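Data block below; observations after.
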2 protein chains.
Amino acid sequence: MKHNSIGVFDSGLGGLSVAGALRELLPAEDIVYFGDTARVPYGIKSRRTVAQFALEDARFLLRFDPKLIVAACNTASAVALDVLAARLPVPVVGVVEPGARAAVALAAGRPIAVIGTEATSASNAYPAAINRLAPAAEVFAQACPLLVPLVEEGRACDDPIVRLAVASYLEPLRAAGIGVIVLGCTHYPLLRAAIAESLGPDVRIVESGRETAAAVRTALAADDALCPAGRTGRLRCFVSDNPARFRRIGSRFIGHEIEHVELVEPEDYAVTAVEPVPP
Amino acid sequence: MKHNSIGVFDSGLGGLSVAGALRELLPAEDIVYFGDTARVPYGIKSRRTVAQFALEDARFLLRFDPKLIVAACNTASAVALDVLAARLPVPVVGVVEPGARAAVALAAGRPIAVIGTEATSASNAYPAAINRLAPAAEVFAQACPLLVPLVEEGRACDDPIVRLAVASYLEPLRAAGIGVIVLGCTHYPLLRAAIAESLGPDVRIVESGRETAAAVRTALAADDALCPAGRTGRLRCFVSDNPARFRRIGSRFIGHEIEHVELVEPEDYAVTAVEPVPP
């Protein structure tokens, strides 16, 4: 069990930021990553469709006999973690709960903002998770639909369009006196400098992916399932479309070239392979 | 045959701008529209995956016995029209050829620009179609990945982020002395005023969707398959996900409320229903 891999799935390539945080914290672990690049993005889709896709993604990972599965996609974590936990035979860790926990710890009573996709914001998953931990906390959820395409286009934090878009989303949050902002989307850590500059030094930034890596370490340690130190873990990636684009853009998310990327055929992951999620 | 509907498919809701142009030009015709909102967008995906999805979309429309099918999606038209034409039992009209034809007619020898998604630009379909008609024409293809999310977020032509993004993409084209620009994506007509302002009055604008509506009229007239005038055609829409979002954002593309929107189940359109497209 200790040497089994950690499975990570995402709607596309963004989850590589979570895989990167896992590799930094747990360098001995093998990671098997599935990116559903044929059906990306999930953030503009319905709960039911996202749950169905997430279940298919996770089922694909099961063939590698993982010791734990990480739902790296914030949208999938926000709308489908219950379905995943109920239907998968291994522990599932999402990114919402770890992000919420860190936010509450850092807020010291000040309001908390969460930025993410349309679907993550509409789900209310982050505010609900935060208020379970801190019932009195004031939480603002803001959808930022332009930030993913800005990152994928390769625009950097000093790009004028990035600065204008970030300011347009964050200025109302700054004005509301937030003390913490949760980056509730895998792409946003790449815009961290622009976000920090827009909000100023008094606002603490939580990256859900990093917090999730810590939660995975805790969960595996509790099960005595961590790989022994000294080993060098391996990252293998599988995608449902366009490995070249995944490799090209994805390397910026993980900070190095991605060596192993394989294309998966539709019949190996899609639709008919799992029992439908009810409406 | 005359009273059979025109089938229109798109990766999502953008094709409603093409459906709108059809309704304006051919108000007597019934239209059945399929938007693949579960797997939208196509513009960042591989040729093979787009061809597979497009074929599934078109096959779904066949159950309505259409007299003609329009590939309203520029990406699908650019990378998959040959596959569609070879495999479907009814005539298929794409948006690339009509857009290219109009551009050549208006260019009067000046350079032509085509803007679209990553996949449309990478396919080289528009430049190839233009150069088949005018071998000496100089053509610039520019991907504009931010424009679709800007439109879907509801930002208008006077929004500062829209103006900055449009300027960033178009300034090099203006400097190159283009005489015509083809809006090679279903979303771009909603940004027409910003594009026109950025390029100035000397650059003519071609909307592929409008040109396609004219091509459909010509094709149906040649087959004596136009509905008799005086009738009021009906628009029925089917989507693979999120009818509420389709209705809400889509009404801006067609200029009126969308009355009939039905959700289609995965087993009725997806993957296993058609023979795979070879790599």
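The values are calculated or read from the model by the stated rules, or taken from the named source; none is laboratory data. This is a predicted model, so every value here is computed, not measured. Every residue, glycine among them, receives a Cβ derived from its backbone with ideal geometry; neighbour counts consider all protein chains shown.
Summed over the range A:46-65, the residues that are of a type outside the set (A, V, I, L, M, F, W, C) and within 16 Å of the chain's Cα centre (by Cα) give a count of 1.
Conditions (1) assigned to a helix (DSSP H, G or I); (2) crowded, with 22+ Cβ neighbours inside 10 Å; (3) among the basic types (Lys, Arg); (4) within 14 Å of chain A (Cβ to nearest Cβ), marked per residue:
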residue	(1), (2), (3), (4)
B:MET1	no, no, no, no
B:VAL8	no, yes, no, no
B:SER17	yes, yes, no, no
B:GLU29	no, yes, no, no
B:ALA54	yes, yes, no, yes
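Conditions (1) touching a Cys at 6+ places or on another chain (Cβ under 7 Å); (2) more than 14 Å from every other protein chain (Cβ to nearest Cβ); (3) modelled with pLDDT under 95, marked per residue:
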{"position": "B:ALA214", "(1), (2), (3)": "no, yes, no"}
{"position": "B:THR218", "(1), (2), (3)": "no, yes, no"}
{"position": "B:ALA222", "(1), (2), (3)": "no, yes, no"}
{"position": "B:GLY230", "(1), (2), (3)": "no, yes, yes"}
{"position": "B:ARG234", "(1), (2), (3)": "no, yes, no"}
{"position": "B:PHE238", "(1), (2), (3)": "no, yes, no"}
{"position": "B:ARG247", "(1), (2), (3)": "no, no, no"}
{"position": "B:GLU259", "(1), (2), (3)": "no, yes, yes"}
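Among the residues of the range A:157-171, not a single one is in a loop (DSSP other than H, G, I, E, B) and of a type in the set (Gly, Ala, Ser).
Determine, yes or no, whether B:ILE181 is surrounded by 17 or more Cβ atoms within 10 Å (Cβ to Cβ) and assigned to a helix (DSSP H, G or I). When the stated conditions are applied, B:ILE181 does not pass them.
Determine whether B:VAL93 is touching a residue at least 60 places away in the same chain (Cβ under 8 Å), out of contact with any Lys or Arg (no Cβ under 9 Å at 6 or more places or on another chain), part of a helix (DSSP H, G or I) and over 16 Å from B:ALA270 (Cβ atoms). Answer is no for this residue. Every residue in the range A:100-154 that is within 14 Å of chain B (Cβ to nearest Cβ), assigned to a loop (DSSP other than H, G, I, E, B) and touching a residue at least 24 places away in the same chain (Cβ under 8 Å), please. Answer for the range A:100-154, where residues must be within 14 Å of chain B (Cβ to nearest Cβ), assigned to a loop (DSSP other than H, G, I, E, B) and touching a residue at least 24 places away in the same chain (Cβ under 8 Å): A:THR117, A:CYS144, A:PRO145, A:GLY154. The requirement of being surrounded by 14 or more Cβ atoms within 10 Å (Cβ to Cβ), within 14 Å of chain B (Cβ to nearest Cβ) and in contact (Cβ under 8 Å) with a residue 24 or more places away in the chain is not satisfied by A:VAL203. Evaluating A:THR117 against the criteria (1) farther than 28 Å from A:ILE181 by Cα; (2) in contact with a Ser or Thr (Cβ under 6 Å, 6 or more places away or on another chain); (3) surrounded by 24 or more Cβ atoms within 10 Å (Cβ to Cβ) leaves one unmet condition, (1). Could we say that A:ALA58 is among the small types (Gly, Ala, Ser) and more than 14 Å from chain B (Cβ to nearest Cβ) here? The answer is yes for A:ALA58.
The number of residues in the range B:199-224 that are among the basic types (Lys, Arg) and more than 29 Å from B:LYS2 (Cα to Cα) comes to 1. Within the range B:176-205, the set of residues being of a type in the set (S, T, N, Q) and in contact with a strand residue (DSSP E or B) (Cβ under 7 Å, 6 or more places away or on another chain) comprises just one member, B:THR186. Of all the numbered requirements in (1) within 24 Å of B:PHE246 (Cα to Cα); (2) without any contact (Cβ under 8 Å) to a residue 60 or more places away in the chain; (3) within 15 Å of the chain's Cα centre (by Cα), B:ALA72 misses one, and that requirement is (2).
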